[in-house]
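S.K.: Submitted below is the structure of interest, expressed as structure tokens.
The values are calculated or read from the model by the stated rules, or taken from the named source; none is laboratory data. This structure is a prediction, so every number in the text was calculated from the model and none was measured. Counting neighbours? That spans all protein chains shown, and the Cβs are built from the backbone with ideal geometry, glycine included.
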Amino acid sequence: MSNWQPTASMDALRKRAEMFAYVRHFFAKRDVMEVDTPVMSHCAVSDPFIDSIEVQYHPAMGGEPSTLYLQTSPEYAMKRLLSAGSGAIYQMSKVFRNGEYGHRHNPEFTMLEWYQPGYDEQQLMDEVEALVGPLLGVEQIERVTYSDLFQRYLGFRPELVDIRYLKNEALNHIDIELEDNDPDTWLNLLITHVIEPQLKRLPAVFVTEYPASQAALAKVRVNANGNKVAARFELFVNGIELANGYHELTDFREQQRRLDLDQSQREKLGLPLRPLDQRLVDALEHGMPDCAGVALGIDRLLMLSNSAVSIAEVMPFDHTRA
């Protein structure tokens, strides 16, 4: 039997259209400009834990092809627009990631990403709350630091223990055989296997002040306790990660260092070494305004707001029927 039918019901697709209109109205009221950037790029994301999908571009029939990469996020291109003087911008775009399929994942999905010059991560959390609160029926979203989250659910603060403690704690909760000397490996295991399941009991929570080693493309600052932390947050709704936001890194030298560090880690892990986006570094050197930015999964937001079990229920055709 042919599976030509959509994976979402017509009612779900109408709600999808209504959400797109709601998002556009939300940003129009705030004078945030909608932009669209290329889906294909000559460069790939540097993050070792995100795998880009490659495509072959032929300049002429039968000509020598060149490899391009489908965007995993519009972040790099949007930051180039910010550096060119765009002001506040947002985008709802298709993004693509290899090896991601399941109830919460699809290799092609819709991402909402926006940037607010002059904002820090606290102000951006206010705006995220204003956007998603009415859709989820949540009036106020709790904010808890990464350290407090570990204290609450595991009884210790990660910045006060060594890697041996982290490893023993992880092995007490998770049946795994692993040798790794990176503390973030064990922290991430504890987050995904122990803490995130506990977050299902909360309607919504912003997790803030991640370790400085997990800054990604966020600024690093010193918190009230004198510890270096990443100026970033993640939003979890019913235990599902919905959004990831940063007080954005604007130092082009530090940006170059982090890209190179990612590339080194990819090499150590035996992952493909793909072209780094030097244009992002050049844009930051030209001058990107101090700003905060966030990426939010539209399909997951629809899934949560519609009480769906899978994102396939809220997109026209998932990977199996594309």
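S.K.: Inside the stretch 154-164, can you point out the residues that are surrounded by 14 or more Cβ atoms within 10 Å (Cβ to Cβ), of a type outside the set (V, I, T) and either assigned to a helix (DSSP H, G or I) or modelled with pLDDT under 95 (or both)?
M.R.: L154, P158, E159
S.K.: Right, E75: modelled with pLDDT of 95 or more and crowded, with 21+ Cβ neighbours inside 10 Å or not? Break it down stepwise before answering.
M.R.: Values: modelled with pLDDT of 95 or more: yes; crowded, with 21+ Cβ neighbours inside 10 Å: yes.
Taking the combined requirement at face value, the residue satisfies it.
S.K.: Name the single residue that is farthest from P272 (Cα to Cα) among those in the stretch 67-95 being touching a His at 6+ places or on another chain (Cβ under 8 Å) and not aliphatic (A, V, I, L, M).
M.R.: The residue in question is S83.
S.K.: Something else: Could you identify the single residue in D47, D31, D11 that is among the acidic types (D, E) and on the phi > 0 side of the Ramachandran plot?
M.R.: Of D47, D31, D11, the one residue that is among the acidic types (D, E) and on the phi > 0 side of the Ramachandran plot is D31.
S.K.: Could I ask something else about it? Going by what's in this entry, would G99 be described as at pLDDT below 95, assigned to a loop (DSSP other than H, G, I, E, B), surrounded by fewer than 17 Cβ atoms within 10 Å (Cβ to Cβ) and small (G, A, S)?
M.R.: Yes; evaluated as a whole, the condition is true for this residue.
S.K.: Just a yes or no: is a residue in the stretch 263-272 under 25 Å from V128 (Cβ atoms) and of a type outside the set (A, V, I, L, M, F, W, C)? Give the derivation first.
M.R.: The first filter runs over the stretch 263-272 and keeps only residues under 25 Å from V128 (Cβ atoms), leaving none.
Within the stretch 263-272 (the criterion being under 25 Å from V128 (Cβ atoms) and of a type outside the set (A, V, I, L, M, F, W, C)), the answer is no, since none of the residues qualifies.
S.K.: Give, as residue ranges, the strands (runs of 3 or more DSSP E) completely inside the stretch 189-292 that count at least 1 residues that are touching a residue at least 60 places away in the same chain (Cβ under 8 Å), surrounded by 14 or more Cβ atoms within 10 Å (Cβ to Cβ) and aromatic (F, W, Y).
M.R.: Ranges flagged: 205-211, 228-237, 240-247.
S.K.: Looking for something surrounded by 14 or more Cβ atoms within 10 Å (Cβ to Cβ), out of contact with any strand residue (DSSP E or B) (no Cβ under 7 Å at 6 or more places or on another chain) and among the basic types (K, R) - is there at least one such residue anywhere in the stretch 165-182?
M.R.: Yes, the stretch 165-182 contains at least one residue that is surrounded by 14 or more Cβ atoms within 10 Å (Cβ to Cβ), out of contact with any strand residue (DSSP E or B) (no Cβ under 7 Å at 6 or more places or on another chain) and among the basic types (K, R).
S.K.: From the list L13, L82, which one is farther than 28 Å from P316 by Cβ, in a helix (DSSP H, G or I) and in contact with a Pro (Cβ under 9 Å, 6 or more places away or on another chain)?
M.R.: Unique residue meeting the criteria: L82.
S.K.: Report the residue count in the stretch 14-48 for those that are aliphatic (A, V, I, L, M) and loosely packed, with under 15 Cβ neighbours inside 10 Å.
M.R.: 5
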